[in-house]
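These notes concern the structure reproduced below.
The values are calculated or read from the model by the stated rules, or taken from the named source; none is laboratory data. Just so it is clear, the structure is predicted and the values come from calculations on it, not from any experiment. For neighbour counting, all protein chains shown are included, and Cβ atoms are generated from backbone atoms with ideal geometry for every residue, glycine included. Ligands, DNA and RNA are excluded from the accessible area calculation, which covers all protein heavy atoms including side chains. Shrake-Rupley method; radii C 1.70, N 1.55, O 1.52, S 1.80 Å.
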Amino acid sequence: AQTVTQSQPEMSVQEAETVTLSCTYDTSESDYYLFWYKQPPSRQMILVIRQEAYKQQNATENRFSVNFQKAAKSFSLKISDSQLGDAAMYFCAYTDAGNMLTFGGGTRLMVKP
Amino acid sequence: DAGITQSPRYKITETGRQVTLMCHQTWSHSYMFWYRQDLGHGLRLIYYSAAADITDKGEVPDGYVVSRSKTENFPLTLESATRSQTSVYFCASRTTYQETQYFGPGTRLLVL
């Protein structure tokens, strides 16, 4: 079974600074997808960014980018120019053709003004 | 664009009662999913459906029943609620050809 691990239960960053959240996963599949979801206090699950495993280029979405290391099975999220609204739980998630999203345990990000 | 909605948003019930959580999506997505999120954890899949009248178990299906008579609706029923089913329940959907799942706002269920 696939597993997703987020080793940082909590992180903090100063407003306008950059922070990187870590995620590792375990799979024997070669074709899969990875995601970062943001969950603010409202509990809504919001897609931040996605990465297809077959793509070598790292995905970017405005201030959010990933460092996808397929051989190392690592998928970290970098948030640049952090804003107060970035404070939330962040979940790394994995799926292949099996339909199920497998989530990590989450990282709580705090942003200091 | 309503997207994906869940009702009720909050529910308190008692042990042994039947509870149905509703999920409705307006995107005509073929796939729909039910997840539960327990305090301090990520989401775990309960059931999913690839199309109307097609459902399959996820990681934690025991104690739950689903149906999908219409593409847009995917109700989740707890036949006899237990305290261990106190959780936040999320519905999600996706298209046939895209792996990205989009989530509803969640239903917070408390079983006393």
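At the residue level, B:Trp27 shows approximately 90 square angstrom of accessible surface with a 1.4 angstrom probe and all protein chains present.
Ligands, DNA and RNA aside, A:Asp26 has an accessible area near 80 Å² when probed at 1.4 Å.
Solvent-accessible area assigned to carbon and sulfur over region B:4-111 amounts to 49 percent, based on a 1.4 Å probe. In this simple spin-label model, placing a label point 7 Å from the Cα along the Cα-to-Cβ direction at both A:Ser30 and A:Glu17 gives a separation of 4.2 nm.
The distance between label points at B:Thr20 and B:Lys70 comes to 1.2 nm (points 7 Å beyond Cα on the Cα→Cβ vector). Interface residues of region A:81-113, defined as those losing at least 40 Å² of solvent-accessible heavy-atom surface relative to the isolated chain (probe radius 1.4 Å), are listed as A:Asn99, A:Met100, A:Leu101, A:Phe103.
For the chain pair B and A, the interface hides roughly 1700 square angstrom of accessible area in total, found with a 1.4 Å probe. Leaving out same-chain residues fewer than 8 places away, which lysines sit with a Cα under 26 Å from that of A:Lys78? Answer for A:Lys78, where 26 Å is the Cα cut-off: A:Lys38, A:Lys55, A:Lys70, A:Lys112, listed by chain and number. In order along region B:3-15, the Karplus-derived 3J(HN,Hα) couplings, from 6.51 cos²θ - 1.76 cosθ + 1.60 at θ = phi - 60°, round to x, 10, 10, 10, 8, x, 7, 9, 8, 10, 9, 10, 3 Hz, and Gly and Pro are given as x. Taking amide H as placed 1.01 Å from N in the peptide plane, the amide H of B:Leu43 sits under 5 Å from that of A:Phe103, each at least 5 places away or on another chain. At a probe radius of 1.4 angstrom, the accessible area of region B:4-111 per residue rounds to 47 square angstrom.
The phi-based Karplus calculation (6.51 cos²θ - 1.76 cosθ + 1.60; θ = phi - 60°) puts the 3J(HN,Hα) values of region B:27-44 at 8, 6, 5, 6, 9, 9, 9, 10, 10, 10, 10, 9, 3, x, 10, x, 8, 10 Hz, whole numbers, x for Gly and Pro. Think of a 1.4 Å ball rolled over the protein heavy atoms: chain A then has 49 Å² of accessible area per residue.
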